[in-house]
Amino acid sequence: MTTTTPGAAEVELAIGGMTCASCAARIEKKLNRMDGVEATVNYATEKAKVTFREDVSVGDLISTVEATGYTAREPEPVHAEPAAGGTSAQDEDDDLRPLRQRLTTAVVLAVPVIAMAMVPALQFEYWQWLSLTLAAPVVTYAAWPFHKAAWTNAKHGAATMDTLISVGTSAAFLWSLWALFFGTAGTPGMTHPFELTIARTDGAGNIYLEAAAGVTAFILAGRYFEARSKRRAGAALKALLELGAKEVTALRDGREELIAVGDLTVGDRFLVRPGEKIATDGVVVEGSSAVDASMLTGESVPVEVGVGDGVTGATLNAGGRLVVEATRVGADTQLARMAKLVEDAQNGKAAAQRLADKISAVFVPIVIALALGTLGFWFGNGAGLTAAFTAAVAVLIIACPCALGLATPTALMVGTGRGAQLGILIKGPEVLETTRKVDTIVLDKTGTVTTGKMTLLAVHTAEGTSDDDVLRLAGALEHSSEHPIAQAVASGAASRVGTLPVPEDFVNVAGLGVQGIVEGHAVLVGREKLLAEWAMSLPEELRRAKTEAEAGGRTAIAVAWDGEARAVLEVADAVKETSAEAIERLRALGLTPMLLTGDNKAVAEAVAAEVGIAPEHVIAEVLPQDKVDVVKRLQDEGRSVAMVGDGVNDAAALAQADLGLAMGTGTDAAIEAGDLTLVRGDLRVAADAIRLSRKTLGTIRSNLFWAFAYNVAALPLAAAGLLNPMIAGAAMAFSSVFVVGNSLRLRSFQPAKG
């Protein structure tokens, strides 16, 4: 719990028992009715963020939630390092096991029930009793969560889709029991012929077991896949926290001691060897190195650090040995603060209330009222209790959401399946709501627009010097260095000239470059200052090339041997070949592309110019924690913002954005924080992802419309007592077939041609 303003505090509660977005809305409404309380309940993350006055206790808040029919508790605090007893994938699987067991039971038993009801050839002499035997466990055991939720809602005077599912399946099952035991449906040899006639019937020979079992199975399938998706809501936080080092070599009393990172305290000194992660935020007190912070900060160029420089936990020591003094530990580190930003952004995002839940808030009470009205009307008009009850049950059955249960899952299944073939992963139906609305797309530079790797781009040589000689000698020397820029030079050289010679001597000059003997030549590769120490200077043409390279945001490396400056190499994070085309496609979708990066302005503007982004849409030198603020500022300006990124530093901004698109070539934290994952590193897939999402959303909406339309059109017939059960069954079957067929059209989706 944290205090926000004088006299006010803020708490986050973990909410249990919610089954749909309307549950979240009801809890939120109850909490906000309390004096001095402001609450936001997020169904997706199952959390409530509550601000309250000092005269209100957390216990009061929990009591209010429990009085509404749900559970509430304070969640475990976020630690900077994973706790030993943290939630594992196995624990999460255990949470889903009961739902998976109910789904399996429902599917296995419902399939033969539906088959026998729909195929007269399968209706043997006592088929109706086998149907009852198979359907009973489905309607009782498998559908128990719906009945329980409906009862909880009823106690509090509320009705949700669970209410309609419970009432509809129960009515169908109970009427079938009556028809079998007290009517004529239990007669040996009874069949359900296809008589598509409109006539009043007492219903004594009709059973609706396939409706009760089928609806239960369909809805459980949707709930199961939804629950699996929700289990991943906290994965971004876990991925962030997993980035940190688990153990650290602490220096205590002049000796090295391997301890858990959680045991470090402010002021402790620890050792970081080449290739190791820095354990926590601190200041270098001994040594110098290049630190690769790209996963955390998004900066493509490694940062040179020495005594007195600050370093950040979870970044990688890519060079020499460092001794660091811890300045921040635990929840105070930059990594932990970024994890908190991701969590806040996820919880603050408005819960996308599904269209079915919105309609059910009105549809469910109307159907129940219509069923009761039908019962009273026919009984009052002397039609008899059996005929009146038949008409009332027909109203509930025709309104039972069979096609509605298929509307979202089938479109999502086909859309996500087609997306997976194209390298696009869609997390859930709520993600699709925002794809139609976004008008601005913010692109992280490193790893998204660019490759995210340092690459040798150009070789500038002095008169009389060949490119091959420069690459062979410089590449050989750089190959012996661990520095990321050196490795870029070595890799680029090897790709152009083949096998590199082995240096006869090699020395790493901290902060300046490398020197050594290659094929009998005394070679220097590094900063211009390194050459100056050997009384060498760059000739005019090389100095000009160096100046132009640095003005364009690239790193310039001087090469000299045998007492003369011979070349300047340009190294930078290269722009992907497809980025410019991708940005054109995004514009064609009505989006305004913007470039966001932690790199300096010169680098950012050079990349923007290359891919066709206007200078006024470039936002550079942004710290990781400030990327969220940039997205918020754009949203405050009235924009609907999509964000594309791949690094840990992008995770919070991806969660904050109206639509987050994570490059699958990036970190787990970014992927889990995003709404759409682009498996391939090609930015053009972002445009295809938005097109496919919009088309999938349109299909879901048309499915929902027709699912309701069939039911609503048949309701007057049912209320009039004229709905033959075969017409009801055929209408429900046809609406389901239509929904499935409409969804299958998504399989023909094609990406834009290059």
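The values are calculated or read from the model by the stated rules, or taken from the named source; none is laboratory data. From a predicted model like this one, the values you see are computed outputs, not experimental measurements. Neighbour counts run over all protein chains shown; Cβ positions are idealised from the backbone, glycine included. Just the protein is used for accessible areas: all its heavy atoms, side chains included, with ligands, DNA and RNA removed. Shrake-Rupley method; radii C 1.70, N 1.55, O 1.52, S 1.80 Å.
Per the conditions (1) under 27 Å from Thr416 (Cα atoms); (2) of a type outside the set (D, E, K, R); (3) crowded, with 24+ Cβ neighbours inside 10 Å, the sole criterion not satisfied by Met454 is (1).
Output the residue which, of all residues in the stretch 630-651 that are open to solvent by 10 Å² or more (accessible area, probe 1.4 Å) and small (Gly, Ala, Ser), is nearest to Ser693 (Cα to Cα). By that ranking, first place goes to Ser640.
For the stretch 637-663, residues that are of a type in the set (A, V, I, L, M, F, W, C), under 15 Å from the mean Cα position of the chain (by Cα) and not in a helix (DSSP H, G or I) total 8. Residue count for the stretch 576-620, restricted to those that are of a type in the set (Ser, Thr, Tyr) and open to solvent by 20 Å² or more (accessible area, probe 1.4 Å): 2.
Sub-9 Å Cβ pairs linking a first residue in the stretch 107-133 that is under 22 Å from Ala143 (Cβ atoms) to a second residue that is among the charged types (D, E, K, R), at least 6 apart or interchain, are Ala110/Glu210; Val113/Glu210; Ile114/Glu210; Ala115/Glu210; Met116/Glu210; Ala117/Glu210; Met118/Glu210; Ser131/Glu210, ordered by first then second residue. Being in a helix (DSSP H, G or I) and under 39 Å from the mean Cα position of the chain (by Cα) holds for only one residue in Gly452, Gly447, Gly475, and it is Gly447.
Restricting attention to the stretch 132-149, the residues that are farther than 12 Å from Thr169 by Cα, modelled with pLDDT under 90 and buried (at least 18 other Cβ atoms within 10 Å of the Cβ) total 2.
Within the stretch 150-169, the only residue that satisfies the criterion of being surrounded by fewer than 20 Cβ atoms within 10 Å (Cβ to Cβ), under 22 Å from Leu99 (Cα atoms) and in contact (Cβ under 8 Å) with a residue 40 or more places away in the chain is Thr152. Apart from one condition, Phe181 fits all of (1) surrounded by fewer than 20 Cβ atoms within 10 Å (Cβ to Cβ); (2) within 23 Å of Cys23 (Cα to Cα); (3) modelled with pLDDT of 80 or more; the exception is (2). Of the residues screened, Pro401 is not one that is touching a Pro at 6+ places or on another chain (Cβ under 9 Å), under 26 Å from Thr169 (Cβ atoms), at pLDDT below 70 and of a type outside the set (Lys, Arg).
Within the stretch 539-580, being among the basic types (Lys, Arg) and more than 44 Å from the chain's Cα centre (by Cα) holds for Arg543, Arg544, Arg566.
For (1) touching an Asp or Glu at 6+ places or on another chain (Cβ under 8 Å); (2) open to solvent by 10 Å² or more (accessible area, probe 1.4 Å); (3) free of Cβ contacts under 8 Å to residues at least 40 places away in the same chain, each residue gets a yes or a no:
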{"residue": "Leu471", "(1), (2), (3)": "no, no, yes"}
{"residue": "His479", "(1), (2), (3)": "no, yes, yes"}
{"residue": "Arg496", "(1), (2), (3)": "yes, yes, yes"}
{"residue": "Leu512", "(1), (2), (3)": "yes, yes, yes"}
{"residue": "Gly552", "(1), (2), (3)": "no, yes, no"}
{"residue": "Ala560", "(1), (2), (3)": "no, no, yes"}
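Take the conditions (1) open to solvent by less than 30 Å² (accessible area, probe 1.4 Å); (2) in a strand (DSSP E or B); (3) touching a Gly at 6+ places or on another chain (Cβ under 7 Å); Val489 misses just one of them, which is (2).
Restricting the stretch 360-389 to residues that are buried (at least 17 other Cβ atoms within 10 Å of the Cβ) and under 45 Å from the mean Cα position of the chain (by Cα), which is modelled with the highest pLDDT? So, considering only residues that are buried (at least 17 other Cβ atoms within 10 Å of the Cβ) and under 45 Å from the mean Cα position of the chain (by Cα), the one modelled with the highest pLDDT is Leu370.
One residue alone among Leu500, Leu457, Leu443 is modelled with pLDDT of 85 or more, in contact with a strand residue (DSSP E or B) (Cβ under 7 Å, 6 or more places away or on another chain) and over 30 Å from Arg691 (Cα atoms), and that residue is Leu457.
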